[in-house]
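Here is the structure we will look at, set down as structure tokens.
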Amino acid sequence: MPYVVSRYRFYVRCFITVLMLFANPLQATVNDAQPSMTEQQFLAHVKVLNDGSDTTLEMNLALINTLESHVHRFSDATQRQFNRMKCWYLYAQGVTSSDPFFDAQLAEARAAADQHAEADFLNCQGVYLFYEGDPEAALHNYQASLKIAYQLDDRRLIADGYTARGELNSYLGNLGTALEDLLQAQLIFDELQLPYYSAYNLSVIANTYRRMKAYQPALKHYDRLYELFQDAVDRKSFQSIRLQQAMIYQDMGQLDTALDIVQAVYQYYQKQNDDQGQSEAATYLASIYNDRGEYQQALEFGQQAELLSEHPELDPQLTRLYIGQALAGLQRLDEALEALADAEASFLREDNLRFLSELYRAEAQVYRQLGNWQQAFERQRQYTESFVTLTEKQNEQHSARLRIDFDFQRTHEENQHLKDQQELTDAKLAALATAARWQRITMLMGAILLLALAVIGARYFLHARRMQALALTDPLTNLPNRRHIEEAGLQMLARCHTHRQTCALLIMDIDNFKQINDTFGHDTGDQVLQRLSKIAQETVRAQDVLGRVGGEEFLVLLPATSRKQAGVIAERLRQAIEQMNATDIVEDLAITTSIGVAQMNSHYETLSQLTTRADNALYAAKASGRNRVELAP
């Protein structure tokens, strides 16, 4: 499945246009920029360019050139406002993140104590860093920009920061975190009535849902974008939306539908003599034809994509992957390995596990056909490990999505959680089945490979054991995860039923944790979770079981414990966390929790019912002012 990173983002970010319905009455044209324009008129043009309007890129660049000839006549603040807008169009001049423009503008903004400009320039430079393949540096810029935006309480800058950070995390595979940022940005853009940015952010949300394999929400968003842009002035934005729709149909296995859409886009770019557009569409066609098993067609379109690309060095990895897959399908195995090696080098530079996993699987199949069993098993091992890692990461993303859905629609949380757990179980079984199939194949090799089979079998066994342990442990805090704690809870209730004992549980939630994440960043939030988990583990009794069941939510199982005893334990835990020293994380940072406690009322009460009563007590604690313990009746 293709994902042409830099080209797609530039089309959507810089060529996307708003319907005539949204066209600003101050729509900028070159003729409007008269030599006698006032500073107020100048700023009005800058605002239109900054907020977006139904114009083409060429018209906007022409207006920027005209405005630049006037900007020197106006105040320093107006010049900074102009440069803030200009920053987002510099890509058309071939400017990179290392250009002196960025450092000069940041230094000037800081010297003038213009934090609005500083935050905007940091965010803009971060986008260029992202496009150039340095997501870590880009994230640093986004975090710094958001911190300033929150200090200023500038809603527009906050939304811009959320969109930038969300798009980056979506590309890196941190889909739950990305979706949370993007949904927050969408609310702000809609509130500020900025349809250009609202539509762009909507496209990133749709793409994030697609990556989460939530195809119906993704299609719903793309259908809305399709309606918005089918009459837009710049047709490239419309074609980009169509290609994204095709990607979803391809992921869903509806290859004929996907092919019809991409062929129509390809023909459009042919008529426009747009080589770059043809190259992008040809990359998509290569991927679809590979999925259809039509490898000669896939090879021809992959080679055409490379030939037509204006900058093949920027994003060669996917095209080379699809060419390698096509060559393998045509039994041109040595050529296939060469193309796949090119792709692997690019994926390793980006640390793109998603495409590396697909590549390892393709290479394993080629080596198997060549009879190079050692390399085949090594690639299969790498594929299995990457597949397991992706599966675990997918589970984390689904958990994050549950938390977000809880914020927006709490009633769907339990059903979605069960669905995610089932998907995780299915993925684990698929990984184990793949490993078992390869083990059966290796047995056919006979006595010559017996030693190799023993080594590989041992590796698979240890890997399965490690995979089982990882599936039951929260990777951030090393505490039991939701699945583990639920299994332990069922065992505790069974013992209570058998021995006629009382038992209880408590649910603990960190107060105002989202505010900590939003203010200080997710890295700080992670440190708080780790510190709190350590203190809680030291505070509860040896027989108690502490686990993390959500973003900032923890559950403690209390076997052979009465309601009164459970209340004492909960209060001791609350006080320990309130007294926790976190000043080394953030100065003057105070952490408090709210706790709900419930004792098993009867031997017929289920774990779900007991947890619900504790959860209700937790919400009562929240409603009563937080930082307190509430006992369920």
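Structure notes:
- Accessible-area composition of segment 252-311, carbon plus sulfur, in percent [1.4 Å probe]: 39 percent
- Where labels lie 7 Å past Cα in the beta-carbon direction, separation of Thr612 and Asp260 in nm: 4.6 nm
- For the residues Tyr269, Tyr383, a 1.4 Å probe over the protein chains yields an accessible-area ranking, largest first, of Tyr383, Tyr269.
- Asp190-Tyr89 FRET efficiency (beta carbon distance; Förster radius 22 Å; 0.05 resolution): 0.35
- Scaled against 2.2 N^0.38 Å for its residue count N, the alpha carbon radius of gyration of segment 133-257 is 1.10.
- Unit Cα scatterers, Debye sum, segment 220-363: log10 I(q)/I(0) for q = 0.16 Å⁻¹: -0.86
- Within the assembled protein chains, the solvent-accessible surface assigned to Arg320 is about 50 Å², based on a 1.4 Å probe.
- Computed accessible area, Ile188, all protein chains, 1.4 angstrom probe, square angstrom: 10 Å²
- The residues Leu243, Leu348, sorted by heavy-atom accessible surface at 1.4 Å with ligands and nucleic acids left out, run Leu348, Leu243 from largest to smallest.
- Debye-sum result for segment 305-392 in log10 I(q)/I(0), which assumes one identical scatterer on each alpha carbon, at q = 0.11, 0.14 Å⁻¹: -0.30, -0.47
- Gyration tensor verdict on segment 105-196 (Cα atoms; rounded if a/c is under 1.5, prolate if a/b is larger than b/c, oblate otherwise): oblate
- Full extension of the chain between Ala111 and Glu587 gives 168.7 nm of extra length, using 0.36 nm per residue less the Cα-Cα distance.
- Portion, in percent, of the accessible area of segment 34-149 that falls on carbon or sulfur, probe 1.4 Å: 51 percent
- Computed Kirkwood radius, in angstrom, where 1/r is averaged over Cα pairs of segment 232-302: 12.0 Å
- Prolate/oblate/rounded call for segment 133-187, Cα gyration tensor, a/c under 1.5 rounded: oblate
- Taking the three principal axes of the alpha carbon atoms in segment 501-633, the coordinate ranges are 47, 29, 21 Å, sorted in descending order.
- Of Ser36, Ser533, the residue with the largest accessible area leads and the full order is Ser36, Ser533 (1.4 Å probe).
- Model label sites at Ser562 and Gln491, defined 7 Å from Cα along the beta-carbon direction, differ in position by 2.7 nm.
- Cα-based shape type of segment 68-117, given that a ≥ b ≥ c are square roots of the gyration tensor eigenvalues and the cut on a/c is 1.5: oblate
- Pair Ala433, Thr498: separation of 7 Å Cα→Cβ label points (nm): 3.4 nm
The values are calculated or read from the model by the stated rules, or taken from the named source; none is laboratory data. Note that this is a predicted model, so its numbers are computed, not measured. Because the Cβ atoms are built from the backbone with ideal geometry, glycine has one as well, and the counts that use them run over all protein chains shown. Note: areas computed on protein heavy atoms with side chains; ligands, DNA, RNA excluded. Shrake-Rupley method; radii C 1.70, N 1.55, O 1.52, S 1.80 Å.
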